[in-house]
Amino acid sequence: MMRLFGRRQANQSDHGLYVPTMDGPLRPNDHLDRASIVWTGAHIDDLAVLNGELVFTSENRLLSLRAEDGEVTLIKAFDRPITALAVAASGLLAIALFGEGLRLRSADDQWQQIALSEKHSACVTALHFDADDGLYCAIGSNANPISAWRRDLFEHNSHGEILFVNPAQARVRTVAGGLHYPAGLVIDADGGLIVAEAWAHRVVALSPQGAFKRMLLADLPAYPGRLSVDSAGLYLVSLFAPRRQIYEFILREPGFLQNMLAKLEEDEWVGPTYGRPRSANYPLLQGEVRQMGVMKPWAPSSSCGLVISCDGDFAPLESWHSRADGQMHGISAALRFGEHIVAASKGSGSLLMMRAGASDEH
Amino acid sequence: MTRIPVVTPRRYRIFSARFLGELLTKSWIDSVIPAAVLLVMVIIISILIPGFFSLGSLSDQSRQLSEFGLLAIALTIVLLSGGIDLSIGSMFALCVLVALTMMNVLGVSIYLAFGATLLAGFLCGALNGILIGYIGLRAFITTLVTLVIFRSIYDIAFPRLASGIVGGFAESPLWDFIGFGEYMNLPVSFLIFAVIAFFAHIMLTRLRIGWHIRAVGGSRKSAHNSGIHVKRTVAIAYICSGLLTATAAFLFSARLGSTGSDTGIGLEVQVLTAVVLAGVSLGGGRGSVGNALIGAALVLIIAVIFDAKWVKNRQKILGKVYVSPTYMALDKAPAITDGSVFAVNDLLGDAEIIGQGTVEGPEDVILDRQGNLYTGTRHGEIVRFFAPDFVRHEVFAQIGGHPLGLAFDGSGNLLTCVGGMGVYRVSPDGVVSKVTDETDRSLTSIIDDSRLRLPDDLDIAPDGRIFFTEATKRYEMTEWAVDALEGRGNGRLLEYDPKSGKTRTVLKNLIFPNGVTICPDGDSLLFAETWACRINRYWFAGPRKGRREIFLDNLPGYPDNINRASDGGYWIALLGMRTPAFDLTMQHPSFRRRMAVRIPADQWLFPNINKGCVIKVNADGKVTQSLWEAAGEQLPSVTSMREHRGWLYLGGVTNNRIGRIRLAEADENWDANTAYWGLSS
């Protein structure tokens, strides 16, 4: 009957208030919380592998971790935050500096600077080299800086772009636009683009020219972020924050939403977060009430940790979780590193290392 | 002027009403309306219950329809003969018992079992038929009596045979084929039913006995005058009913292989509803097998819709429309950052923990003159921890509901507000007695608000009157916090006078009135309105009697219990903190209502009751101190605190422990019992 007579205006419809449950390969576990923590530091963000070493970013620092002994060394510190990192097969390394643009380091340690426009440089979410050292660059939104990603979500924006940079000529070209916050990017074996559109909860395949090819993952239960692919062609999807019905609901409540954005500080908003909110002013949901001293693992927390591995056709294989009672939330990047899977938990500021396939044992 | 008669003749030639008129002479026209209703119901059910017309569901439904349809035909035949058969439900149960006893207990062949079942139906029908047809008793009374007789036989026999029926197993492929088999994609029992229905139709419309039955039902006198053997015809109708009922019972037994004490109860009413709904006349003479079928299908579909869509969803619908939020604009909450008297600190951080894991839901805590500690638990007990170390403990009293607010009277009785029950008194030796559980009912309330639903806290005036709050009259104990979504004045302040034994409502429309404490002047009291974040003062005696004013407004959190401090001020527990987002929702009542309707309760925005604190105010209502636990893990939400001899004891309704801290600047000899009632005699 609801279907017959219940149709109201679009933003009133119950359609879309549903958030898929995590089941099958996505069944929740606590593998992220049981992973070994190899490094801690606030704002750990992006990861890459260069010459057998793990390279990662933390705020304005570019660091590397030696596989044998786990020693961390500083490669270079910059005067502004690094928002994304990529390494090419040739050894070329690229970072995005907030508000400035790209910096590329050649194999012989020469740094090259490529400026991006202001609206692009403020929101570089992911970088990826193609086989010829061409650099693809995901711009989450050209309307908000990367730090205001929550605002971008609540503004219903689809102002994301994919840029292509030819380092040799320092030329920047827009490949695709109008994307729903592309937060992750990889190139598949055929040179096609694979993009995680966070606000649309999906991963899509685009042609090298940016045309939509097909849907790879749809209706994810969390917001997908960075992607990585290993030598065997298996993908890892990092999901940086959970979707909740209350957020979907608020997205459809323009009156309340506008007031919230206008009148409240950002740390007072109802919405997804990387880590457990520290502000005493962050709102609570009924399911998060601590009962008898216990926070339920299935509480609808604003943050969670989730990495999904997928086969070459993007069929999910397994997943690593940190639930409401865990700490390893806000996974900003994950990749295969030798026998291990390493993941950056931005919410807790931890670099995690897990044996690949470890979840099969449980 | 005359008009040329051209149009009118043509109109009548083409659109004559003859067709309709002749249509109405057909006997099956009676069935058109029920058939149309059935069609509409089928359309509705296919929309409401998406899987209803799947093969699996249809197969199951058609088996049920077979049994129910046979009973409908049985009753139709009796109604056509001008009688009524109320006993078919009991007859059905009895025949089921015979069939199952034959198959499962005695293990005879299926043919013999079928014969025995038919014989049982025949005998029952014949009893009705002889009593009504030949002896001429009234059909209604007679079948009502045989209903009771058959049912009694069933009730006597069933318990003796039940274990045999359940334990036994019928080894018959044919039996299973009837129960579960399919032929040409149609359930066997449905095919059997279809064949019987066809022959019943032929019998009623084409054979002499059918005509006789209709004639007798239409007019006994005319039937008699035209030479019909009325008595025999009536008896035959009841016997037909018995045989068809037995057949239905046999199909039912084959399908379920078991029976229960409620088999057949109320079945006669369902069948009667079906046939009457489909147009079989209760007066006799009018009706058909087709009517019976339509009625049976209609009633089955209505039953399915009612069951699947209403019974299963009533609570859901109630839950969705019950929450009724209102507009409430609070001022911007005071900051809880450095520089504010509410600034977060860690004064509760090193609290001693008492009874961790042994008490669940210690909403309030209180100490007696000997320094023993009492608290209520959600298991419905009052637990006593013995001084001085509070390790040894016992269940002091069992009440049944969750004891919330506690207070000692002058004689050492412990009074408590019990969620869902009322105000109770526990004597020093642990004997529980009710003080009050009702008040005067208000005139405009739909729900009966005379019973106390959520008494919350109480205190006792010097003259012995008990003042207590009822936090909300719209929600139960377990869903108290949902009341916050409404922000409406659902609560009240009540007074119990021991002199008259009467309870009356003092103030109503309060926004979750919670903690209450009598001021040292003995004329006034303070009470908290939790969701309104304020403390009120009310004078119940003295020159300002009846006056109410705001004592403390715009707190940064939700006040719960209030108790006296040794320095003449008060302690106030804030069970949770306001958040700007929730405050904003209080200005969007329709947003909250839609939230309650459209998303599950665990994702509703909520007051932050995970973090609370204790504040201290002086006698004039000025906040002088706040005490926090920074981590919010030991004592996340404080609902109560009690000062006693230099210590502050802390309870929390969602917690499983009690805390206590040493107070730096407090009178080490101060004890509330002495402050209230003087030194003990």
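Annotations
- Reported count of residues in the range B:622-673, each being over 40 Å from the mean Cα position of the chain (by Cα) and over 20 Å from A:Ala280 (Cβ atoms), is 22.
- Restricting the range A:13-60 to residues that are within 14 Å of another protein chain (Cβ to nearest Cβ) and surrounded by 13 or more Cβ atoms within 10 Å (Cβ to Cβ), the residue that is modelled with the highest pLDDT: A:Val19
- Meets criteria (farther than 19 Å from B:Ser626 by Cα, within 32 Å of the chain's Cα centre (by Cα) and crowded, with 20+ Cβ neighbours inside 10 Å) for B:Phe540: no
- A search for C-beta distances below 9 Å between a residue of the range B:273-288 that is more than 19 Å from B:Leu38 (Cβ to Cβ) and any residue that is surrounded by fewer than 17 Cβ atoms within 10 Å (Cβ to Cβ) and among the hydroxyl-bearing types (Ser, Thr, Tyr), counting only pairs 6+ apart in sequence or on different chains, returns B:Gly284/B:Ser219; B:Gly285/B:Ser219.
- For B:Ser442: the one exception among (1) more than 21 Å from B:Gly401 (Cα to Cα); (2) modelled with pLDDT of 90 or more: (2)
- Pairs with Cβ under 7 Å, 6+ apart, first in the range A:158-174 and acidic (Asp, Glu), second assigned to a strand (DSSP E or B): A:Glu161/A:Ile139; A:Glu161/A:Thr174; A:Glu161/A:Ala176; A:Glu161/A:Gly177; A:Glu161/A:Leu179
- Sole exception among (1) within 21 Å of A:Leu127 (Cβ to Cβ); (2) assigned to a loop (DSSP other than H, G, I, E, B); (3) touching a residue at least 12 places away in the same chain (Cβ under 8 Å) for A:Asp190, by number: (3)
- Candidates B:Ile572, B:Ile511, filtered to the one that is buried (at least 17 other Cβ atoms within 10 Å of the Cβ), β-branched (Val, Ile, Thr), under 20 Å from B:Ala329 (Cα atoms) and touching a Lys or Arg at 6+ places or on another chain (Cβ under 9 Å): B:Ile511
- Strands (runs of 3 or more DSSP E) enclosed by the range A:212-313 - at least 1 residues per element that are within 12 Å of chain B (Cβ to nearest Cβ): A:235-242
- Residue in the range A:323-332 that is surrounded by fewer than 21 Cβ atoms within 10 Å (Cβ to Cβ) and closer than 19 Å to A:Gly184 by Cα present: no
- Qualifying residue in the range B:495-504 (condition: touching an Asp or Glu at 6+ places or on another chain (Cβ under 8 Å) and touching a residue at least 60 places away in the same chain (Cβ under 8 Å)): yes
- From the list B:Val359, B:Val418, B:Val341, the lone residue that is more than 14 Å from every other protein chain (Cβ to nearest Cβ), in contact (Cβ under 8 Å) with a residue 12 or more places away in the chain and either buried (at least 18 other Cβ atoms within 10 Å of the Cβ) or in contact with a helix residue (DSSP H, G or I) (Cβ under 8 Å, 6 or more places away or on another chain) (or both) is B:Val418.
- Some residue of the range A:150-161 being acidic (Asp, Glu), in contact with a Leu (Cβ under 8 Å, 6 or more places away or on another chain) and in a strand (DSSP E or B): yes
- Number of positions in the range B:102-119 that are surrounded by fewer than 24 Cβ atoms within 10 Å (Cβ to Cβ) and in contact with a Gly (Cβ under 8 Å, 6 or more places away or on another chain): 3
- Criterion violated by B:Asp364 - all others in (1) in contact (Cβ under 8 Å) with a residue 60 or more places away in the chain; (2) outside the structural domain of B:Trp647 (by TED's automatic domain parsing) satisfied: (2)
- Any hit, the range B:660-673, residues being buried (at least 17 other Cβ atoms within 10 Å of the Cβ) and under 30 Å from A:Ala299 (Cβ atoms): yes
- Among the strands (runs of 3 or more DSSP E) confined to the range B:347-408, the ones with at least 2 residues that are farther than 19 Å from B:Asp459 by Cα are located at B:352-354, B:381-385, B:393-398.
- Residues located in the range B:647-674, provided they are part of a helix (DSSP H, G or I) and not polar (S, T, N, Q): B:Ala672
- Scanning the range A:314-336 for residues that are part of a strand (DSSP E or B) and under 14 Å from A:Gly233 (Cα atoms) gives A:Pro316, A:Leu317, A:Leu335, A:Arg336.
- Residue identified as more than 14 Å from chain A (Cβ to nearest Cβ), in contact with a Lys or Arg (Cβ under 7 Å, 6 or more places away or on another chain) and small (Gly, Ala, Ser) among B:Gly646, B:Gly632: B:Gly646
- Filter result for the condition that a residue is crowded, with 24+ Cβ neighbours inside 10 Å and assigned to a loop (DSSP other than H, G, I, E, B), over B:Gly69, B:Gly83: B:Gly83
- So B:Leu174, is it closer than 26 Å to B:Gly115 by Cα and either touching a strand residue (DSSP E or B) at 6+ places or on another chain (Cβ under 6 Å) or surrounded by fewer than 22 Cβ atoms within 10 Å (Cβ to Cβ) (or both): yes
- A:Gly178 meets the conditions (1) within 19 Å of A:Leu102 (Cβ to Cβ); (2) in contact with a Ser or Thr (Cβ under 6 Å, 6 or more places away or on another chain) in every case but one. The failed one is (1).
- Some residue of the range A:341-362 being part of a loop (DSSP other than H, G, I, E, B), surrounded by fewer than 24 Cβ atoms within 10 Å (Cβ to Cβ) and more than 22 Å from the chain's Cα centre (by Cα): yes
The values are calculated or read from the model by the stated rules, or taken from the named source; none is laboratory data. What you see is a predicted model; the values in this text were computed from it and never measured. Note that we place each Cβ from the backbone using ideal geometry, even for glycine, and neighbour counts take in every protein chain shown.
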